[in-house]
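Report on the following structure.
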Amino acid sequence: MKNTPTAASNGGPESHTTQPLGSACQAARLQSVPAAPSDGEPAVGGSAVRRTFTFTSAVTGEKVTATCMPGCTVDHEADSNTPEHPHDIYCNIPGTAGELPLYGPLCDTGSPENFRFLSWQIESCPFSARPAERLPFVAIEAIDDHYIEYLDPDTLEMVISRLQKRVDSLREAHAQLANVRTAYLNPSEVAA
């Protein structure tokens, strides 16, 4: 469960890649950006001013000017200093990062481990082959390196609604589990 997914590519210079939020490429480029806040803290976004930067296309060798989405916190200096494939350029606004302490078969050790849980961030990939990815979208990290990505506002609202229904169902499961455990541990209710 701790493996970081890698970018998928068919090898061509203009092929589309999907870079999950935990990919090595993004992690390296986000190191100089402040970490996402934890639950209860407001999201840290950059200025609403749209920055521009220029990079050299690794495909054509030409200089390309890109404009960040408002609030992008990515330091695009690395993009400007080295040739980049246009589909590798992305913008990011960190959201809140939740943690869930778990133990058992999901863990690598015998003690509880913190897993990222229902974390989110806003991204855009201005040169993506998929037009929907060029617009800002939300990516939700359901749990450590497992994502629900490319959510537009309507789809995000649907996910929120479904999550709320699942939370209600889990509350029912919690009540039922508490009752079943009480009955299980109470030997006076065991039928002969």
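Residue by residue through the range 63-113, note down the ones that are within 29 Å of Pro153 (Cβ to Cβ), of a type in the set (Ser, Thr, Tyr) and touching a residue at least 24 places away in the same chain (Cβ under 8 Å).
Here is the first cut: in the range 63-113, the ones within 29 Å of Pro153 (Cβ to Cβ) are 64-76, 79, 84-100.
So of that shortlist, the ones also of a type in the set (Ser, Thr, Tyr) come out as 65, 67, 73, 90, 96.
Result: Thr67, Thr73, Tyr90, Thr96.
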All positions within the range 89-122 that are over 16 Å from Ala142 (Cβ atoms) and open to solvent by less than 40 Å² (accessible area, probe 1.4 Å): Ile89, Tyr90, Cys91, Asn92, Ile93, Pro94, Gly104, Cys107, Glu113
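Please specify each residue of the range 114-136 satisfying the condition of being under 15 Å from Ile89 (Cβ atoms), without any contact (Cβ under 8 Å) to a residue 60 or more places away in the chain and among the hydrophobic types (A, V, I, L, M, F, W, C). Step through it out loud before you land on a result.
Quick first cut of the range 114-136, residues under 15 Å from Ile89 (Cβ atoms) only: 123-130, 133-136.
In the following step, the residues that additionally are without any contact (Cβ under 8 Å) to a residue 60 or more places away in the chain were identified as 124-125, 133-135.
Hits for the range 114-136 are Cys125, Leu135.
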Any hit, the range 73-88, residues being surrounded by 13 or more Cβ atoms within 10 Å (Cβ to Cβ) and farther than 25 Å from Thr56 by Cα: no
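Each row is one residue, and each column tells you yes or no for (1) in a helix (DSSP H, G or I); (2) under 18 Å from the mean Cα position of the chain (by Cα); (3) farther than 22 Å from Arg50 by Cβ.
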residue	(1), (2), (3)
Leu100	no, yes, yes
Pro126	no, yes, no
Val138	no, yes, no
Ala142	no, yes, yes
Glu157	yes, yes, yes
Leu163	yes, yes, yes
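The values are calculated or read from the model by the stated rules, or taken from the named source; none is laboratory data. Just so you know, these numbers come straight off a predicted model, no measurement behind them. Methodologically, a virtual Cβ is constructed for each residue, glycine included, from the backbone with ideal geometry; neighbour enumeration extends over all protein chains shown. Side chains are part of the model used for accessible areas, which takes the heavy atoms of the whole protein and leaves out ligands, DNA and RNA. Shrake-Rupley method; radii C 1.70, N 1.55, O 1.52, S 1.80 Å.
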